[in-house]
Amino acid sequence: MTRNKLRLAIVGAGPAGIYAADILLKAERNFDVSIDLFDHLPAPYGLVRYGVAPDHPRIKGIITALREVLDRGDIRIFGNVHFGEDITLDDLKKHYNAVIFATGAVRDASLPIPGIELEGSYGAADFVSWFDGHPDFPRTWPLEAESVAVIGNGNVALDVSRILAKHADDLLTTEIPANVYEGLQASPVTDVHVFGRRGPTSVKFTPLELRELGELRDVDMIVYDEDFDYDDAARAAVSGNKQVFVIDKVLNQWRQRETGNASRRLHLHFFAKPLEIVDDGTGRVGAIRYERTAPDGEGGVVGTGEIREIPIQAIYRAVGYFGSPLAGVPFDDSYGVIPNHEGQVLTHDAETGEARQLYGVYATGWIKRGPVGLIGHTKSDAMETVKHLINDLGNWWSPESPSEESVVELLESRGIAYTDLDGWHRLDEHEKALGEPEGRARIKVVPRDEMVEISRGE
Ligand SMILES: Cc1cc2nc3c(=O)[nH]c(=O)nc-3n(C[C@H](O)[C@H](O)[C@H](O)COP(=O)(O)OP(=O)(O)OC[C@H]3O[C@@H](n4cnc5c(N)ncnc54)[C@H](O)[C@@H]3O)c2cc1C
């Protein structure tokens with residue numbers, strides 16, 4: 001089959017979706033391309049806008065590069081369009097030759113320990129969505145605890161711990177909305193306890209993010225000497241891996257620091273496996289019970305049987321994100337991804353029961369490979385997926401109405417208040433203007449209807 005034009009839908013305007021569009025447009029190919037990018041949020045950039053912490057402006061700055069791609073004008077954006085509700089896979093088949101799903105992951109992975117459902121127990125992803133001003137989360141967050149536990153030893157655990165421990169005034173230079181500042185300012189927190197099952201040389205923190213904790217004003221970093229009795233495997237990790245070497249150095253510097261003068265403390269508990277969240281007697285979080293672990297000699301840990309308990313009034317689990325299923329699209333419940341081979345979506349053949357390619361359907365980013373890795377990784381992901389999309393030309397869909405107007409007509413006939421690139425520029429300018437009097441780069445608009453009204457100039 002020969003074709004001279006690819007009408008492509010990309011669902012998800014986070015970095016993975018935007019990079020995929022950019023890579024395809026720049027790729028060597030013998031057909032024309034017209035791309036429509038759909039997102040259920042009224043603004044693009046996915047977790048760069050709604051995941052990356054507000055006090056990481058350098059990373060948020062990746063938005064500038066993503067924006068340059070969109071501003072070129074060769075990709076149409078339809079924001080505020082929810083795949084599965086406003087538009088379906090059958091709709092896409094009518095109007096496009098293929099679709100790439102780049103829907104990421106926004107939910108918290110579960111942590112099946114007793115008491116995790118108590119009041120005062122939260123998922124990190126929900127808290128991140130709150131402090132990053134995601135429109136679909138409540139405006140207020142119950143910050144009532146003096147002692148808080150954060151479970152996890154990755155960068156999201158660091159983000160959550162840092163935002164909890166940091167004085168709200170030190171976030172005033174960032175884009176945080178007023179409701180987030182007010183919530184954090186009223187927080188009575190004094191102690192944030194971070195728990196990791198393994199030792200300091202097995203953490204998933206990156207050195208830069210870890211070091212940043214030690215620079216927080218009026219926050220003491222507390223590390224415990226008992227966690228630094230390294231075995232051979234840990235010593236080998238320090239000498240053989242530069243990242244581990246730096247992490248070890250940072251932690252050891254904190255061991256030497258004088259503490260006791262700050263009004264807040266951030267404790268790092270290693271070799272601590274959470275067993276249970278203990279009820280305070282009223283259905284609320286009262287303590288965390290954990291087992292002390294020890295190195296197993298092979299880089300892992302084993303339980304020692306020594307059980308400890310620390311009183312806390314809130315707990316955040318930062319044990320990973322998890323993708324969500326999309327209507328009509330295959331989904332792997334165990335890993336929270338769309339099953340795929342290098343981005344080509346796979347389905348189970350009803351007759352043979354074997355996995356086979358679902359023609360016309362592709363995946364990229366976190367929904368393709370699971371919620372690990374930095375923004376940069378979504379670029380290599382997109383390259384792989386786009387390569388297959390180009391090579392699969394003979395197996396694309398043959399849409400009934402491939403014209404660009406037909407999609408607009410469809411959305412309008414359904415009364416969907418979609419936002420476009422001009423609309424995003426309007427919202428962008430509005431947010432920047434809100435920040436200007438306070439010397440801030442922007443202040444985020446949070447309510448969805450307000451975002452849509454500003455974008456649509458209503
Ligand atoms: C808390 C946190 C902090 C992070 N900090 C950093 C950092 O400092 N540096 C770094 O490099 N990386 C960081 N990351 C990782 C980075 O955010 C991811 O690598 C990247 O965002 C994944 O890109 P994606 O496009 O696959 O998914 P996403 O960024 O999640 O984008 C997916 C998009 O799909 C849309 N979507 C979902 N479902 C639908 C639907 N049904 N219909 C329409 N649209 C839909 C979403 O609205 C979203 O815009 C962080 C991640 C988290 C969670």
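Summary table below
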| read-out | value |
| --- | --- |
| Residue match in the stretch 305-317 (condition: in contact (Cβ under 8 Å) with a residue 40 or more places away in the chain and in a helix (DSSP H, G or I)) | no |
| Whichever residue in the stretch 14-58 is acidic (D, E) and touching a helix residue (DSSP H, G or I) at 6+ places or on another chain (Cβ under 9 Å) and, among such residues, is nearest to the ligand (Cβ to nearest atom) | D39 |
| So V337, is it surrounded by 14 or more Cβ atoms within 10 Å (Cβ to Cβ), closer than 30 Å to I100 by Cβ, in contact (Cβ under 8 Å) with a residue 40 or more places away in the chain and hydrophobic (A, V, I, L, M, F, W, C) | no |
| Some residue of the stretch 92-99 being within 13 Å of the ligand (Cβ to nearest atom) and outside the structural domain of D136 (by TED's automatic domain parsing) | yes |
| Residue match in the stretch 123-134 (condition: among the acidic types (D, E) and within 16 Å of the ligand (Cβ to nearest atom)) | yes |
| Matching residues, the stretch 10-42, being crowded, with 24+ Cβ neighbours inside 10 Å and aliphatic (A, V, I, L, M) | I10, V11, A13, A16, I18, A20, A21, L37 |
| Answer residue from the stretch 341-354, given it is within 25 Å of P399 (Cα to Cα) and at pLDDT below 95 and is surrounded by the most Cβ atoms within 10 Å (Cβ to Cβ) among those | H348 |
| Selection within the stretch 228-264 - touching a helix residue (DSSP H, G or I) at 6+ places or on another chain (Cβ under 8 Å), crowded, with 16+ Cβ neighbours inside 10 Å and under 30 Å from L184 (Cα atoms) | I247, V250, L251, R264 |
| All helices (runs of 4 or more DSSP H) inside the stretch 351-458 with 2 or more residues being more than 27 Å from G61 (Cβ to Cβ) | 377-391, 404-413, 448-455 |
| Criterion (buried (at least 23 other Cβ atoms within 10 Å of the Cβ) and not in a helix (DSSP H, G or I)) met by exactly one of A145, A157, A149 | A149 |
| Criterion violated by L374 - all others in (1) modelled with pLDDT of 95 or more; (2) exposed (fewer than 14 other Cβ atoms within 10 Å of the Cβ) satisfied | (1) |
| Any hit, the stretch 172-180, residues being under 30 Å from E429 (Cβ atoms), in contact with a helix residue (DSSP H, G or I) (Cβ under 6 Å, 6 or more places away or on another chain) and of a type in the set (S, T, Y) | no |
| Count - residues of the stretch 231-258 that are at pLDDT below 95 and either in contact with a Pro (Cβ under 8 Å, 6 or more places away or on another chain) or of a type in the set (V, I, T) (or both) | 3 |
| Single residue of the stretch 100-122 satisfying the filter (more than 11 Å from the ligand (Cβ to nearest atom) and part of a strand (DSSP E or B)) that is farthest from G328 (Cα to Cα) | E119 |
| Close pairs (6 angstrom Cβ cut-off, 6 or more residues apart or separate chains): within 11 Å of A102 (Cα to Cα) and within 14 Å of the ligand (Cβ to nearest atom) in the stretch 354-377, part of a loop (DSSP other than H, G, I, E, B) and among the aliphatic types (A, V, I, L, M) anywhere | A363/I338; T364/A102; G365/A102; W366/A105; I367/I338 |
| Complete set of residues in the stretch 230-249 that are within 18 Å of V301 (Cβ to Cβ) and among the basic types (K, R) | R235 |
| Selection status of V386, in the same structural domain as G84 (by TED's automatic domain parsing), among the hydrophobic types (A, V, I, L, M, F, W, C) and touching a Leu at 6+ places or on another chain (Cβ under 6 Å) | yes |
| Members of the stretch 150-181 found to be more than 19 Å from H134 (Cα to Cα) and of a type in the set (D, E), listed by number | D169, D170 |
| When residues of the stretch 378-418 are limited to those that are of a type in the set (G, A, S) and more than 26 Å from V156 (Cβ to Cβ), the one farthest from the ligand (Cβ to nearest atom) | G394 |
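The values are calculated or read from the model by the stated rules, or taken from the named source; none is laboratory data. Quantities reported herein were computed from a predicted structural model and do not represent experimental measurements. Every residue, glycine as well, gets a Cβ built from its backbone with ideal geometry; the counts of neighbours run over all protein chains shown.
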